[in-house]
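Engineer: This structure is in structure tokens; I'll ask about it shortly.
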Amino acid sequence: MSDPVAEAKKVVETYLELSMVPDPEGASAWLAPDFRMTFTGGRRMSGPADSAAFNARRYAWVKKRFLRTDAALDPETGEVRVFNTGYLYGEWPDGTPFETNRYIDIFTVRDGRITETQVWNDSAEILLHSHGLAEAPL
């Protein structure tokens, strides 16, 4: 008997590992034809190539340090919601390193393929703070 929750977690972690290489083509193999991505700030992207290009402009380089991957099966639809959280680490374009930039990525997995992801992180808040524009200390 298969375990759809464990399988969905593996799909997501494999996708994320490939995305960090970056290997957009390899990561895309895990996506459903109707895949939707909403990136930070509500940006709509079509897939890993778009997010890799966005990240190349925002960071000198960036990777994810996974803390947890949790998942829950929706018994009515058979979809699995997967939550991967941890810290982004890397360098800003000016070479300044960072390592405690929180993130959470929320995925929907159906039939072994990712149908949707939402990407959230603290990068905008960190950039606002570094330019003296944050409303409160970080």
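Engineer: Of everything in the stretch 85-102 that's part of a strand (DSSP E or B) and of a type in the set (A, V, I, L, M, F, W, C), which residue is nearest to the chain's Cα centre (by Cα)?
Structural biologist: Among those that are part of a strand (DSSP E or B) and of a type in the set (A, V, I, L, M, F, W, C), it is Leu88.
Engineer: Any residue in the stretch 67-81 that is under 23 Å from Leu138 (Cβ atoms) and at pLDDT 95 or above?
Structural biologist: Yes, there is a match, as at least one residue in the stretch 67-81 is under 23 Å from Leu138 (Cβ atoms) and at pLDDT 95 or above.
Engineer: Would you check which residues across the stretch 102-122 are free of Cβ contacts under 8 Å to residues at least 60 places away in the same chain, hydroxyl-bearing (Ser, Thr, Tyr) and out of contact with any Gly (no Cβ under 7 Å at 6 or more places or on another chain) and list them?
Structural biologist: Matches in the stretch 102-122: Thr108 only.
Engineer: Quick check on the stretch 24-50: of everything there that is without any contact (Cβ under 8 Å) to a residue 12 or more places away in the chain and in a loop (DSSP other than H, G, I, E, B), which residue is nearest to Arg113 (Cα to Cα)?
Structural biologist: Out of the qualifying residues, it is Ala29.
Engineer: For the stretch 103-138, how many residues are over 21 Å from Ser28 (Cβ atoms), within 11 Å of the chain's Cα centre (by Cα) and surrounded by 15 or more Cβ atoms within 10 Å (Cβ to Cβ)?
Structural biologist: Final tally of qualifying residues: 2.
Engineer: Moving to a separate point now. Taking interchain pairs and intrachain pairs at least six residues apart, which have beta carbon atoms under 8 angstrom, with the first residue in the stretch 123-138 and touching a residue at least 40 places away in the same chain (Cβ under 8 Å) and the second surrounded by 14 or more Cβ atoms within 10 Å (Cβ to Cβ) and assigned to a helix (DSSP H, G or I)?
Structural biologist: Close Cβ pairs (under 8 Å, with a partner that is surrounded by 14 or more Cβ atoms within 10 Å (Cβ to Cβ) and assigned to a helix (DSSP H, G or I)) amount to Ser123/Thr40; Ser123/Arg58; Ala124/Thr40.
The values are calculated or read from the model by the stated rules, or taken from the named source; none is laboratory data. Just so you know, these numbers come straight off a predicted model, no measurement behind them. Neighbour counts are summed over all protein chains in view; Cβ atoms, including those assigned to glycine, are modelled from backbone coordinates with ideal geometry.
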